[in-house]
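Values in this text are rule-based calculations from the coordinates and carry no lab data. Small disclaimer: the values here were computed from a predicted structure and weren't measured. Neighbour counts are summed over all protein chains in view; Cβ atoms, including those assigned to glycine, are modelled from backbone coordinates with ideal geometry.
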Amino acid sequence: MKYTNIGWEEALKKEWIITNGIGGYASSTMSSANTRRYHGLLVAPLTPPARRHLILSKVDESIELGNQKYNLYSNLGKNYITKGYEYLVSFEKEYIPIYTYQIEDVIIKKYICMEYGKNTVVILYQIFNQEKEAKLTLAPIINFRDFHSNTYGHTFQIRQEKRDNKLKVVVDQNSQNPIYIYVSEGKYEKYEQGSFQNMFYPEEEKRGFCAEENHAIPGIYEIEIKPKERKEITFVASLEENIEEINAKEIISKEVARLSSLVYDSGLTESLSMEEEIQDKENIEKIQLLRDYIIATDNFVVYRPSFGLHTIIAGYPWFLDWGRDSLISFEGLLLKTKRYDIAKEVLLTMIRDIKFGLVPNGYSGYDNRPLYNSVDSSLLLFEQIKKYLNYTQDEQFIKQNFYEVMKKIIESYKNGIDVEGNDIYLDTDGLISSGNENIQNTWMDAKIGNFVVTPRNGKAVEINSMWYNALKIMEELAIRFENKTKASKYKKMALECQNSFVEKFYNKRRKCLYDVLGDSKIRPNQLFALSLTYPILDPKTEMAKEMFDTVTTKLLNPYGLKTLAKGEENYVEVYEGDSFKRDMSYHQGITWPWLLGIYYDSFKKILESEKSKTKKQELQIKYDAFVKSVKDTFEKELKEGKTIGGISEIYDSKKPYEAKGAYEQAWSVAEVFRIILENE
């Protein structure tokens, strides 16, 4: 993706991100101005992937040609804009971000890349000088703070040592984590003023947070460039000590090769890349789209050294690895891309700290303590184990590592679990009840202090759909791994659950399912009754078709499904304001792209079950239109949306469906990618 003729508003709005495979990242805008406290060229996890800290905010560059100095950087203050973007002639991001500037007849290219598996970022500058003497100045702007915090009004204490071309900087006496900076050549001078004052973050102002911040500037590098000279300069910032031998070009080559191998190993572009077909424009576009999606999926795959296993980051910039998000993202991120070894590790991560039958919903970002406020993570595990088997037929891995765990989960839900207020139990009618009015243990989990915004305690529609599906999967596995007698137990429990569900969950008046028994609000969670491997609703029934039609009419839009139908009490369609206002709207009408996945699976079940030839043709036309809409919408989003090469967490529910929330979200990318891939 290459952008030219870039205006200021577009350059400021569009964000990019690259990652290092252990939870760290580099991220900014196309303008190079940081608009969030979460932006930075090195955001590093101190205990990967957690405790992320802002280390390198940015590098401000300027160049002197003759007696004229030009600032290439763009920064925002409350009352000013530094206009380096005026010299930005193009921005590219396929594998990594590349900025190209032109001043008079001098071309400056800037490549940004992270070293995979390390808290290191490199910048390669390529300068193509012409007739005049030139001097490039680099000013690293650094910090050392938790990436959720802010150093507004702060006065930094800087201690630095320079040896050859490497600088060691200790910020605010954090001697256990010194920052290392290396520049391949140039003259270094300590910056006497010592700080950058009041960098302004408009995105934080919109969110109701402190929007200005101070950073430290340890010193400035000056590099002389002769007339007609072409020069390459490596800049490195790291928490790793031994960086003197790093060559930016080599790091970039390794990262491009790594990402290219993921694309190749997926096998997804093989049928499109034959030599006689490669000139076909449509095939080229398909290859580029698949490549972009595979690169996007890689951002979320991270390694937890303390576990010795890989896991999945839920979204950037602020989320960590969450059980629910990981499992919903599992197929699109890992199975579709044939990363089966990583898939094994993610599944093992899910059960590593299982407690009383509960898969952790996540881990504390500060002390790695497992968190158990989730009734659905354990049940989602069954579906993804089934999908793993579908893709790999690796029965031995599942039998050896998971089958006994799955049996214990079923027994725990049957006997009751009361951990962290989950209050999960199997009622006498065969349905699962969970939670209380003070706990949020489904995916609609917004909570303000002790106030739960969308209390869904009781018998929730998706939880019982997942429970039935889990029982049917256990019936299948018991036949494979034990005997039919054992399987009959799960079969009987599933039938009892299904009979009660069909009897109690259908809302005849609204032609849909209750979201929770006793709650008639129209929400998308009812799609789980159709979307799973074993749907609790028979897709041939009028009940199923009416429910699906109601969801289509009331909730579907091009960017996903709304979390609440328009006209319902407390409906909100625009996500904005301070944290209180945003949390109050999070699941009250805002659109989520990942829900397209369960809508798509439900649509397929309805289509496949239709016996009437005429109705099937009509449904096929609607299905094809839906798939085309998803592809067109998100292909455009990858190229022209808020996040270059990514998909956001949520979108407003009215035109222009503005992207909001986390600007790179795992389950958004995974589910959209899955829909597109299965219909190529």
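Pairs exceeding 18 Å between alpha-carbon atoms, taken from Lys628/Lys654; Lys166/Lys254; Lys545/Lys615; Lys2/Lys642: Lys628/Lys654; Lys166/Lys254.
Residue exposure proxy: Lys190, Lys472, ordered by other Cβ atoms within 10 angstrom of their Cβ from fewest to most, comes out as Lys190, Lys472.
Here the calculated FRET efficiency for Val89 and Ser520, from their Cβ-Cβ distance with R0 = 60 Å, stands at 0.60, rounded to the nearest 0.05.
Ranking of Glu205, Glu503 by neighbouring Cβ atoms within 10 Å, starting from the fewest: Glu503, Glu205. With the highest mean first, a sort of the peptides 593-599, 124-130 on other beta-carbon atoms found within 10 angstrom per residue produces 593-599, 124-130.
In this structure, Glu240 and Glu680 have a Cβ-Cβ separation that, at R0 = 45 Å, corresponds to a calculated FRET efficiency of about 0.65. Looking at Leu333, Asn299, Ala343, which one has the Cα that reaches farthest to the positive end of the dipole of segment 288-355 (charges on Cβ: Lys, Arg +1; Asp, Glu -1)? Of the listed residues, the answer is Ala343. Placing +1 on the Cβ of each Lys and Arg and -1 on the Cβ of each Asp and Glu in segment 2-245, which of Thr4, Tyr73, Asn143 has its Cα farthest towards the positive end of the resulting dipole? Highest projection toward the positive end goes to Asn143.
Within segment 436-473, whose backbone N sits under 18 Å from a point 7 Å along Cα→Cβ of Glu569? It comes to 437-438, 451-459, nothing else. Please work out the C-alpha center-to-center distance from segment 565-584 to segment 195-245 and express it in whole Å. Comparing the Cα centres of segment 565-584 and segment 195-245, I get a distance of 38 Å. Over 27 Å between Cα atoms, which of Lys78/Lys168; Lys13/Lys228; Lys486/Lys604; Lys187/Lys231 qualify? Listed pairs above 27 Å: Lys78/Lys168; Lys13/Lys228; Lys486/Lys604. Between the helical axis of 340-352 and the longest alpha-carbon principal axis of the chain there is an angle of about 70 degrees.
Equivalent-ellipsoid semi-axes for segment 291-374 (Cα gyration tensor, √(5λ), whole Å, largest first): 21, 14, 11.
Computed extension length for Asn247-Glu229: 4.5 nm, one decimal, from 0.36 nm per residue of separation with the Cα-Cα distance subtracted. Close amide H partners of Glu610, meaning residues 5 or more places away or on another chain with modelled amide H under 5 Å apart, do not exist here. Residues whose amide H falls under 5 Å from that of Ser90, counting only those 5 or more places apart or on a different chain, are Thr100, with hydrogens built in the peptide plane.
Phi angles across segment 651-657 convert, under the Karplus curve 6.51 cos²θ - 1.76 cosθ + 1.60 with θ = phi - 60°, into 3J(HN,Hα) values of 9, 4, 9, 9, 4, x, 6 Hz, Gly and Pro given as x.
Labels on offer are [x] 26.6; [y] 28.7; [z] 30.3, and the one holding Kirkwood radius over Cα pairs in Å computed from this structure is [x]. Measure nothing fancy, just the Cα-based angle from helix 542-555's long axis to the longest principal axis of the chain, in degrees from 0 to 90, nearest 10. Tilt of helix 542-555: around 30 degrees.
Rounded to the nearest 0.05, what FRET efficiency is calculated for Asp624 and Tyr264 with R0 set to 25 Å and r the Cβ-Cβ distance? It comes to 0.25.
Rounded to the nearest 20 debye, the dipole size of segment 530-680 about its Cα centre is 440 debye, using +1 on the Cβ of Lys and Arg and -1 on the Cβ of Asp and Glu. 3J(HN,Hα) couplings calculated from phi for segment 217-222 with the Karplus curve 6.51 cos²θ - 1.76 cosθ + 1.60 (θ = phi - 60°) are, in sequence order, 10, x, x, 10, 9, 10 Hz; Gly and Pro show x. Each of Glu213, Glu86 was scored by other Cβ atoms within 10 Å of its Cβ. Listed from fewest to most, they are Glu86, Glu213.
In this structure the amide hydrogen of Ile650, modeled in the peptide plane, comes within under 5 Å of the amide hydrogens of Lys660, Ala662, none closer than 5 places in sequence on its chain.
Available extension along the chain between Asn450 and Ser306 is 48.6 nm, counting 0.36 nm per residue and deducting the alpha carbon span.
Placing +1 on the Cβ of every Lys and Arg and -1 on the Cβ of every Asp and Glu, with no other charges, gives the chain a dipole of roughly 1400 debye about its Cα centre. Extension gain, Asp394 to Thr428, is 8.6 nm, computed as 0.36 nm per intervening residue step minus the present C-alpha separation. Taking label positions 7 Å along the Cα-Cβ direction at both Lys168 and Lys484, the computed distance is 7.3 nm, reported to one decimal.
With 29 Å as the limit on Cα-Cα distance, the pairs of Lys344/Lys492; Lys338/Lys639; Lys338/Lys631; Lys508/Lys660; Lys135/Lys206; Lys135/Lys249 that go past it are Lys344/Lys492; Lys508/Lys660; Lys135/Lys206.
Residues in segment 494-503 carry Karplus couplings, in order, of 5, 5, 4, 4, 5, 4, 5, 4, 4, 6 Hz; the curve used is 6.51 cos²θ - 1.76 cosθ + 1.60 with θ = phi - 60°, and Gly or Pro positions show x. Using the Cβ of Arg510 as centre and a radius below 15 Å, the other residues enclosed give a net charge of +2, where K and R count +1 and D and E count -1.
Does anyone have the angle between helix 403-415 and the longest principal axis of the chain? Alpha-carbon axes, 0 to 90°, nearest 10? Once rounded, one gets 60 degrees.
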